[in-house]
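In what follows, a structure is listed as structure tokens, so that the remarks can point back to it.
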Amino acid sequence: MATTNDIKNGTVLNLDGQLWRVLWFQHHKPGKGNTVVRTKIKNVLNGKVVDRTFPADTKIEMAQVDRRDMQYLYADASGYVVMDTDTYEQLTIPEDVIGDDKDYLLEGMIVTVATNEGNPLYVDLPASIEVEVTYTEPGLQGDRSTGGNKPATVETGKQVQVPLFITTGERIRISTADGSYLGRAQS
């Protein structure tokens, strides 16, 4: 058993028989009263996000989670296939576990897969990825970096907003947290 003082971002808690992943936490000492731990947790199975407050030093059960770096191989009808680069063991991750992160998966990409008793819980992607712009409207003469944005489709099929000077075929960096444009890819 652990206590609420052991909570960190990414920790998986077993609360009332369900697994919850800690997205955010904060120790809070009000002017009067006892210290509490405020958390934002996400249900691993259904994706529901809730705010929950625990009294400090409350005993909680932490789930045993195995986090391993794996290489994304391909997607098929059964899900998304990843491979452990040490053992070459393959694991199929269901689409509901991947969720919207599928828009950022590139073949050969290294991702962190969290499992509990052999069942995939979630996938952590790198903070940003480099992708090629497969289609965007051409820019016009005089377009500047501060002149606005336009939609562009990247190689994963995701549509992102890019500056007007970006053209089809360019490589750009985008954030996997919100899909925002971060800049041109370094050559």
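State which stretch of the chain is the longest one without any exposed trypsin sites (Lys or Arg not before Pro), exposure meaning a DSSP loop state and at most 10 other Cβ atoms within 10 Å.
33-143
Quick one: accessible area per residue over the chain, 1.4 Å probe, rounded to a whole number of Å²?
Each residue of the chain exposes 59 Å² on average to a 1.4 Å probe.
Against the globular-protein guess of 2.2 N^0.38 Å, express the Cα radius of gyration of region 66-124 as a ratio, rounded to two decimals.
This ratio for region 66-124 stands at 0.98.
Taking 1 over the mean of 1/r across every pair of different Cα atoms in the chain, what Kirkwood radius in Å do you get?
19.0
Structure shown: which of Lys8/Lys150; Lys48/Lys158; Lys48/Lys102; Lys40/Lys150; Lys42/Lys150; Lys59/Lys102 lie over 29 Å apart, alpha-carbon to alpha-carbon?
In this structure, Lys8/Lys150; Lys40/Lys150; Lys42/Lys150; Lys59/Lys102 lie more than 29 Å apart at Cα.
Treating cross-link reach as a plain straight distance, find the aspartates and glutamates whose alpha-carbon is under 20 Å from the alpha-carbon of Lys32, omitting any fewer than eight places away in the same chain.
Of all the aspartates and glutamates, those that pass the test against Lys32 - Cα under 20 Å, at least 8 places apart if same chain - are Asp57.
When the chain is modelled as a GNM with alpha-carbon springs shorter than 10 Å, which of Gly169, Gly31, Gly108 fluctuates the most?
Gly31
The values are calculated or read from the model by the stated rules, or taken from the named source; none is laboratory data. Just so it is clear, the structure is predicted and the values come from calculations on it, not from any experiment. Using ideal geometry, Cβ is built from the backbone for each residue, glycine included, and neighbour counts are taken over all protein chains shown. Surface areas here come from the heavy atoms of the whole protein model, side chains and all, with no ligands, DNA or RNA. Shrake-Rupley method; radii C 1.70, N 1.55, O 1.52, S 1.80 Å.
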